Amino acid sequence: LNGKLNNTFSLIKNKKEFTVAFLGGSITYNQGWRNKLSQYLTETYPQCNFNFIPAGIPSLGSLPHAFRFKTDVLDKGKIDLLFIEAAVNDHANQTDTTIQRRAMEGIIRHGLTANPSMNIVLMAFADEDKNEDFEKNAEPFEVKVHRQLAEYYGLPFINLSKEVYERARQGEFTWKED
């Protein structure tokens, strides 16, 4: 939604070096989606030398990410593609919505200032705490912040929280057994 990854695909095809950074909490830190995506890119585009920057730290949300973004991501080199996730820990840490918005926007603006052609993908990962809002047909605040910023800046947004909720509701899997 909102934006495309045109810069990413153009650079991967025409450049020998490409840097992908992953900024998030424990879901980003642990083995899983980050490793699978890194493997996918490496196998799909073998002509390109990828540099992956794993900047996940468990329990951290948007505010601490904003303070560590320069040191843990931007100081590592020119970033071509950035994935950001803070919705799970912003909820768990009960981060004020205004603080979430300012921190996430600071990360986006700082990233685009450092490299205006950087593609940024915002993501809202799933956790059971968001289900109550979805059951009331409401959008969790943390998801809303990510979505609104993605819309404003024309960035792709992946709402995994809603996808997982819908698929679990249809009986495809459960939180207890999967």
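The values are calculated or read from the model by the stated rules, or taken from the named source; none is laboratory data. All of these numbers come straight from a predicted model, not from anything done at the bench. Backbone-built Cβ (ideal geometry, glycine too); neighbour counts: all protein chains shown. Accessible surface areas use protein heavy atoms only, side chains included; no ligands, DNA or RNA. Shrake-Rupley method; radii C 1.70, N 1.55, O 1.52, S 1.80 Å.
I'm trying to understand the selection: among the residues of region 141-165, which are open to solvent by less than 40 Å² (accessible area, probe 1.4 Å) and touching a strand residue (DSSP E or B) at 6+ places or on another chain (Cβ under 8 Å)?
Let us first name the residues in region 141-165 that are open to solvent by less than 40 Å² (accessible area, probe 1.4 Å), namely 142-143, 145-146, 149-150, 154-157, 161, 164-165.
Across region 141-165, the qualifying residues are Glu142, Val143, His146, Leu149, Ala150, Leu155, Pro156, Phe157, Ser161.
Quick grid of which residues meet (1) touching a Ser or Thr at 6+ places or on another chain (Cβ under 7 Å); (2) modelled with pLDDT of 95 or more; (3) in a helix (DSSP H, G or I); (4) open to solvent by less than 90 Å² (accessible area, probe 1.4 Å):
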| residue | (1), (2), (3), (4) |
| --- | --- |
| Lys13 | no, no, yes, no |
| Gln31 | no, no, no, no |
| Arg34 | yes, yes, yes, yes |
| Ser38 | no, yes, yes, yes |
| Gln47 | no, no, no, no |
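Any residue in region 83-111 that is over 25 Å from Asn131 (Cβ atoms) sitting within a Cβ distance under 8 Å of a residue that is aromatic (Phe, Trp, Tyr)? List the pairs, counting only those 6 or more apart or interchain.
Gly106/Phe69; Ile107/Phe69; Ile108/Tyr153; His110/Phe69; Gly111/Phe69
For Glu17, indicate whether it is within 17 Å of Ala150 (Cβ to Cβ) and either touching a His at 6+ places or on another chain (Cβ under 7 Å) or open to solvent by 10 Å² or more (accessible area, probe 1.4 Å) (or both).
Values: within 17 Å of Ala150 (Cβ to Cβ): no; either touching a His at 6+ places or on another chain (Cβ under 7 Å) or open to solvent by 10 Å² or more (accessible area, probe 1.4 Å) (or both): yes.
No, not satisfied.
Using beta carbons and a limit of 8 Å, which pairs, at least six apart or on different chains, have the first residue in region 1-28 and under 14 Å from Phe50 (Cβ atoms) and the second one open to solvent by 60 Å² or more (accessible area, probe 1.4 Å) and not in a strand (DSSP E or B)?
Going by the 8 Å Cβ cut-off, the qualifying pairs are Lys16/Gln47; Thr19/Lys76; Thr19/Lys78; Ala21/Lys76.
State which residue pairs qualify: first residue open to solvent by less than 90 Å² (accessible area, probe 1.4 Å) and inside region 166-177, second residue assigned to a helix (DSSP H, G or I) in any location, beta carbons under 7 Å apart, and separation of 6 or more residues or different chains.
Phe173/Arg167; Thr174/Ala168
Hey, any hits in region 119-127 for a residue that's under 20 Å from Asn35 (Cα atoms), at pLDDT 95 or above and open to solvent by 10 Å² or more (accessible area, probe 1.4 Å)?
Checking region 119-127: at least one residue is under 20 Å from Asn35 (Cα atoms), at pLDDT 95 or above and open to solvent by 10 Å² or more (accessible area, probe 1.4 Å).
Against the condition open to solvent by less than 70 Å² (accessible area, probe 1.4 Å), within 13 Å of the chain's Cα centre (by Cα) and basic (Lys, Arg), how does Arg68 come out, does it pass?
Numbers: open to solvent by less than 70 Å² (accessible area, probe 1.4 Å): yes; within 13 Å of the chain's Cα centre (by Cα): no; basic (Lys, Arg): yes.
Here the answer is no, as Arg68 does not meet what is asked.
Please count how many residues of region 68-88 are modelled with pLDDT of 95 or more and part of a helix (DSSP H, G or I).
8
Give the number of residues within region 49-60 that are assigned to a loop (DSSP other than H, G, I, E, B) and in contact with a strand residue (DSSP E or B) (Cβ under 9 Å, 6 or more places away or on another chain).
From region 49-60, those assigned to a loop (DSSP other than H, G, I, E, B) are 57-60; that's our starting set.
With in contact with a strand residue (DSSP E or B) (Cβ under 9 Å, 6 or more places away or on another chain) added as a condition, the list becomes 57, 60.
Going through region 49-60 one residue at a time, the tally reaches 2.
So which residues in region 150-177 are more than 17 Å from Asp129 (Cβ to Cβ) and either hydrophobic (A, V, I, L, M, F, W, C) or not in a helix (DSSP H, G or I) (or both), if there are any at all?
Ala150, Gly154, Leu155, Pro156, Phe157, Ile158, Gln170, Gly171, Glu172, Phe173, Glu177
Would you check which residues across region 109-118 are open to solvent by less than 20 Å² (accessible area, probe 1.4 Å) and in a helix (DSSP H, G or I) and list them?
Gly111
Take region 92-108 and flag every residue that is open to solvent by 40 Å² or more (accessible area, probe 1.4 Å) and under 15 Å from the mean Cα position of the chain (by Cα). Working first, answer last.
Of region 92-108, the ones open to solvent by 40 Å² or more (accessible area, probe 1.4 Å) are 92-94, 96-99, 101-102, 105.
Residues satisfying the conditions are Arg101, Glu105.
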